[in-house]
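Novice: A single structure is presented below for examination.
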Amino acid sequence: MREITVRKKMVFAYISAAALFVAAVEILAMVEAHGLYFLGAAVLAGVGLFIYATSLKCPHCHARAFSRRWLALFYIPKTCAHCDREFFD
């Protein structure tokens, strides 16, 4: 069985975080929640994405694959933050 690459895992993380945020907003809108709950949903989606992305390891050096600075952007790098080797897709 073929393993999913690090870059594809990161794409999946961005898409799932966005989908979970949209689902949370829809549920909160149905129960007529206040704005603070929407902020909480955004923070939880961001924290979940951050925790997942920082747990991804480089297949070459087994260090953290993504720099924390990259997580603030919707940029998925092609090289490891630690060893600068390319992630092969």
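Novice: So which pairs qualify, if the first residue must be in region 65-89 and without any contact (Cβ under 8 Å) to a residue 60 or more places away in the chain and over 13 Å from THR5 (Cβ atoms), the second must be of a type in the set (Gly, Ala, Ser) and loosely packed, with under 12 Cβ neighbours inside 10 Å, the Cβ gap must be under 8 Å, and the two must be at least 6 apart or on different chains?
Specialist: That search, which allows pairs on different chains as well, returns ALA81/ALA63; HIS82/ALA63; CYS83/ALA63.
Novice: Now, a different point. Would you check which residues across region 1-22 are surrounded by fewer than 11 Cβ atoms within 10 Å (Cβ to Cβ) and under 12 Å from the mean Cα position of the chain (by Cα) and list them?
Specialist: Of everything in region 1-22, just one residue is surrounded by fewer than 11 Cβ atoms within 10 Å (Cβ to Cβ) and under 12 Å from the mean Cα position of the chain (by Cα), namely ILE15.
Novice: Could you list all residues from region 23-47 that are over 30 Å from ARG68 (Cα atoms) and either surrounded by 14 or more Cβ atoms within 10 Å (Cβ to Cβ) or touching an Asp or Glu at 6+ places or on another chain (Cβ under 8 Å) (or both)?
Specialist: Matches in region 23-47: ALA33 only.
Novice: Can you find even one residue in region 3-16 that is charged (D, E, K, R), modelled with pLDDT under 85 and in a helix (DSSP H, G or I)?
Specialist: Within region 3-16 (the criterion being charged (D, E, K, R), modelled with pLDDT under 85 and in a helix (DSSP H, G or I)), the answer is yes, since at least one residue qualifies.
Novice: Among the residues in region 55-68, are any of a type outside the set (D, E, K, R), within 18 Å of the chain's Cα centre (by Cα), assigned to a helix (DSSP H, G or I) and modelled with pLDDT of 85 or more?
Specialist: yes
The values are calculated or read from the model by the stated rules, or taken from the named source; none is laboratory data. If you're wondering where the values come from, they're calculated on a predicted model, not measured in any experiment. Every residue, glycine as well, gets a Cβ built from its backbone with ideal geometry; the counts of neighbours run over all protein chains shown.
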